[in-house]
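The values are calculated or read from the model by the stated rules, or taken from the named source; none is laboratory data. Small disclaimer: the values here were computed from a predicted structure and weren't measured. Virtual Cβ from ideal backbone geometry, glycine too; neighbours counted across all protein chains shown. Keep in mind that these areas ignore ligands, DNA and RNA; they rest on the heavy atoms of the full protein, side chains included. Shrake-Rupley method; radii C 1.70, N 1.55, O 1.52, S 1.80 Å.
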Amino acid sequence: MAKKKATLPKSARDVAPRTKKATATGKTLDRVQIRLPEGMRDKLVEAANGRSLNDEIIQRLTQSLERDEMQKLSDRLKEQGDRLAKFEGEIASMVEQLRLRDD
């Protein structure tokens with residue numbers, strides 16, 4: 001009998017199921033375990049500069065996600081600017097044609 005090929009999971013949820021942790025304030029936090037390449041933990045601890053390792057990782061992930069969102073916004077604004085420039089060119093062309101008619 002042939003072995004069935006393993007398929008990749010469809011989402012991170014399939015890879016790392018969510019676990020919840022209740023806090024003293026009544027909030028519930030998502031928990032996840034990660035494996036870091038050798039040496040990365042030490043680099044993160046050193047970079048944390050007095051913060052906890054958890055706080056350092058959260059800060060870096062937050063910055064990365066914010067940067068991604070800013071890039072998406074920047075891309076959308078550039079597209080809108082390009083469209084506006086195209087319309088401005090078309091309007092300028094129409095104005096020029098109207099001026100030529102009036103002459």
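Please identify the pairs in which a residue from segment 24-44 that is open to solvent by less than 90 Å² (accessible area, probe 1.4 Å) has its Cβ atom under 7 Å from the Cβ atom of a residue that is part of a loop (DSSP other than H, G, I, E, B) and β-branched (Val, Ile, Thr), counting only partners at least 6 apart or on another chain.
So the pair list comes out as 29/23.
Could you check how many residues of segment 48-103 are outside any helix (DSSP H, G or I) and either open to solvent by 80 Å² or more (accessible area, probe 1.4 Å) or at positive phi (or both)?
Result for segment 48-103: 4.
Return the only residue of 72, 27 being of a type in the set (D, E, K, R) and at pLDDT 95 or above.
72
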